[in-house]
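Bear in mind these aren't lab numbers, they're just calculated from the coordinates by the rules spelled out. Keep in mind it's a predicted model, so treat the numbers as computed, not measured. Cβ placement follows ideal geometry from the backbone for every residue including glycine, while neighbour counts extend to all protein chains displayed.
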Amino acid sequence: MASNPYQQTIQALLAPGGHRVWSLMVSLFGDLAQKEGTAIDGPTLSAVMAEMHIRPEAVRVALHRLRNEGWIVSEKSGRTRRHALTPKSRARSAAASERIYTGPALESDAWHLVLVRDADTIPLEKMRASGYVQLLPRVFVGAVSAVPPKAALVLPGDEVPAWLPAQIAPAMLTQDYQTLLPILTSADKLLRDTRPSPLQRAVLRCLIVHNWRRIVLRHPPLPRNLLPDGWEGHSCHMLVNRLLVRFPKPDPAGILPH
């Protein structure tokens, strides 16, 4: 049984499962070391991972994988090894940051339908990356800002029929948000009066960002009027933004006392 609000929150954020160590590191480096010239040294990385109950051998395996994939580069500085993002991974982290860190905003309600020539014309993943959710094999819906493929028929949306949000909701990973929402709600309540150390802030931010990005990066942004009333994704977004503001990112060089 976790004995304090911080430990209870860490335990809850780890509860959804499926947290691969290399993926947690991607979240950590993307949050704390995205700026060029910023690195996380070995002792600091080990301390952060230990706070998440990750064994040293698992950390070494994850580092090896990320180096082989060109995601991080490791260099010796005196007796300490320092780890940093590569230019490629910094660019990819920056591209994802707009979705991960931008706070909830009142977006335009404008939307449109897109009809493509046939179901095999454009891969589904490419349509998702362009901002669309599939309704039928050839029919997609997206925000007015979504860029339709060439030669597609584009029909501007009008009043949203009552049945449409319910049909869209599964593609927006509603069930995943339903799982995350009580965890974030509990974290918001439990941590309201706490003052975590820089190490604890690094761990909290890593796990909050990690749980959030695993969902939000897997679906396109849609106007609120296309989503069900009380959609849990919006509530999660508000809580993530609130918690990250409450716990500002620490300087990696100052996470451990010198």
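Data overview
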read-out: Cβ-defined net charge surrounding R242, 13 Å radius [Lys, Arg +1; Asp, Glu -1]; value: +3
read-out: Loop sites in segment 11-100: GluC sites (Glu not before Pro), DSSP, at most 15 other Cβ within 10 Å; value: E36, E69
read-out: Within segment 103-171, GluC sites (Glu not before Pro) in DSSP loop having at most 13 other beta-carbon neighbours inside 10 Å; value: E159
read-out: Where labels lie 7 Å past Cα in the beta-carbon direction, separation of S3 and K88 in nm; value: 4.5 nm
read-out: Segment 125-232: chymotrypsin sites (Phe, Trp or Tyr not before Pro) in DSSP coil with no more than 14 other Cβ atoms inside 10 Å; value: W163
read-out: Rounded if a/c under 1.5, otherwise prolate or oblate - segment 136-192, Cα gyration tensor axes; value: prolate
read-out: Neighbour net charge for Q8 - beta-carbon separation under 14 angstrom, K R +1, D E -1; value: -1
read-out: Non-local Lys pairs in the chain, i.e. 8 or more apart or on different chains, that have alpha carbons under 22 Å apart; value: 7
read-out: Estimated dipole of segment 114-156 in Debye, rounded to 20 [Cβ of Lys and Arg +1, of Asp and Glu -1, Cα centre]; value: 80 debye
read-out: Longest exposed-site-free window of the chain, the sites being trypsin sites (Lys or Arg not before Pro) in a DSSP loop that have at most 14 other C-beta atoms within 10 Å; value: 36-78
read-out: For the chain, the fraction of alpha-carbon pairs in successive 10 Å shells from zero, as %; value: 6, 27, 30, 22, 12, 3, 0
read-out: Within the chain: Cβ-based charge dipole about Cα centre, in debye rounded to nearest 20 (Lys, Arg +1; Asp, Glu -1); value: 1060 debye
read-out: Dipole of segment 100-196, positive end: most advanced residue of V154, L113, P182 [Cβ charges, Cα centre]; value: P182
